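Below: the structure, in structure tokens.
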Amino acid sequence: MTLVATCDVLTDRANGKALEYKKSLPESPVAVNTDYRNMLEDSKPDIVTIATESGHHPRIAIDCLEAGAHVICEKPMALSSKDAKAMVDAAKRNGRKLAVCFQNRFNAPVQRARKAAEAGRFGRMLHGMVQVRWNRNEHYYAEAPWRGTWALDGGTLMNQCTHGIDLLQWMMGEDAVRVQASTRRFMRPIEAEDFGAAIVEFASGAVGIIEGSADVYPTNLNETLSLFGETGSVVIGGLAVNKIKTWRFADAAAVGDSEEHVLKPDEKDPPSVYGFGHAALFADFLDAIETGREPLVSGEAGMKALDIILAIYQSQKTGMAVDLPTDFSTLQMAESDLSLRKAVPR
């Protein structure tokens, strides 16, 4: 694979990335662009990876797909149901691959739990929970003013918690049917929420619980995925769902992976909450192109977490449970003052 171009509206950033990659790929003829449309025309890339402000993802992705490029898009893929569907339709119409960057699906403990689920080791899945207990301070939002806005980002659920929400629904059956939620803007100087909690009902009858915060004092604490079935319980924690904390199955003796065998108490966290899954996600995407299959996190798969988050927002706005699928946009939250919905002290 050869890197052919970098692109950023800020020339210094585009140049910086080009120089960074040329250190490891010195033979790559990296062109530097400030307009992605010029990049598409001049460099004609086979694959484009998009990591702009979230609200710009749909327009850029669709233009890239129409130009014949495969696309890996950062999460969230879009900020509305309509835009996400338009991206998926553009990929199909042009015979291109579209993937969403949910790299935590490739974490080794997550992959292990997924294989256990596919083998039926949990039995009937009963309930699951994702907890994202992080800190995003005022400096984080000040250094990129688009963060926390309804037009270009959404809040903690859409930006930070979307990875965990994707994992929860992926493990619970990918068939969420109803959402009841409450969100708050407790502390951060943003339009959107810095805390959210939700109950998700799945078609199987299983229940998912979501807890996400950017207000945890003083720094990031954990991201944890908990799964509970008739015959299995798994908890994956650590800074970025990277450590198995609980591994209990009724068939452990037969399979030969008891909790004592699986747990690694001295395992270190990754250097950041981004984890180690990006290389595996990109490798999966390349294999999908070569073999003609869909990538693990295809556009359709990436929409599922987005639909849940948009339903959470709709539930907050209406005060009612929301049935899925829904048709909603973060822009419909622009007139919702989350600060007015604080709990009243007694």
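The values are calculated or read from the model by the stated rules, or taken from the named source; none is laboratory data. Bear in mind that the values here come from a model prediction, so they are computed numbers and not experimental data. No Cβ is skipped: glycine too gets one built from the backbone with ideal geometry, and neighbour counts run over all protein chains shown.
Before moving on, here are some points about what is shown:
The rows are residues; the columns are (1) within 28 Å of R124 (Cα to Cα); (2) in contact with a strand residue (DSSP E or B) (Cβ under 6 Å, 6 or more places away or on another chain); (3) among the hydroxyl-bearing types (S, T, Y).
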site	(1), (2), (3)
R248	yes, yes, no
A252	yes, no, no
D257	yes, no, no
E267	no, yes, no
S272	no, no, yes
F276	no, no, no
D284	no, no, no
D287	no, no, no
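- Residue list for the stretch 287-304, restricted to those being in contact (Cβ under 8 Å) with a residue 12 or more places away in the chain and hydroxyl-bearing (S, T, Y): S298
- Of the criteria (1) more than 30 Å from M1 (Cβ to Cβ); (2) in contact with a Ser or Thr (Cβ under 6 Å, 6 or more places away or on another chain), which one I312 fails: (2)
- Subset of the stretch 253-280 (residues that are among the acidic types (D, E) and either exposed (fewer than 14 other Cβ atoms within 10 Å of the Cβ) or in a loop (DSSP other than H, G, I, E, B) (or both)): D257, E260, D266, E267, D269
- Screening the stretch 1-86 for strands (runs of 3 or more DSSP E) wholly inside it with 1 or more residues that are under 19 Å from the mean Cα position of the chain (by Cα) returns the ranges 47-50, 70-73.
- When the stretch 319-340 is filtered for residues that are loosely packed, with under 15 Cβ neighbours inside 10 Å, in a helix (DSSP H, G or I) and at pLDDT below 95, the ones remaining, listed by number, are S339, L340.
- Pick from the stretch 4-30, criterion at pLDDT 90 or above and either polar (S, T, N, Q) or closer than 23 Å to I289 by Cβ (or both), ranking: surrounded by the most Cβ atoms within 10 Å (Cβ to Cβ): C7
- If you go through the stretch 287-299 and keep only what is assigned to a helix (DSSP H, G or I) and crowded, with 17+ Cβ neighbours inside 10 Å, you end up with A288, G299.
- When the criteria are applied in full, E74 fails the requirement of being in the same structural domain as V241 (by TED's automatic domain parsing), of a type in the set (D, E), under 30 Å from E267 (Cα atoms) and out of contact with any helix residue (DSSP H, G or I) (no Cβ under 6 Å at 6 or more places or on another chain).
- Meets criteria (among the aliphatic types (A, V, I, L, M), more than 30 Å from V177 (Cβ to Cβ), exposed (fewer than 11 other Cβ atoms within 10 Å of the Cβ) and free of Cβ contacts under 8 Å to residues at least 60 places away in the same chain) for A283: no
- So T231, is it of a type outside the set (G, A, S), over 15 Å from the mean Cα position of the chain (by Cα) and over 15 Å from A108 (Cα atoms): yes
- Among the conditions (1) assigned to a strand (DSSP E or B); (2) over 30 Å from G238 (Cβ atoms), the only one that A99 does not satisfy is (2).
- Scope the stretch 96-110; condition among the hydrophobic types (A, V, I, L, M, F, W, C) and touching a strand residue (DSSP E or B) at 6+ places or on another chain (Cβ under 7 Å); matching residues: L98, A99, V100, C101, V110
- If only residues of the stretch 111-148 that are in contact with a strand residue (DSSP E or B) (Cβ under 8 Å, 6 or more places away or on another chain) and assigned to a helix (DSSP H, G or I) are counted, the one that is surrounded by the most Cβ atoms within 10 Å (Cβ to Cβ) is A113.
- Selection status of N33, surrounded by fewer than 23 Cβ atoms within 10 Å (Cβ to Cβ) and of a type outside the set (A, V, I, L, M, F, W, C): yes
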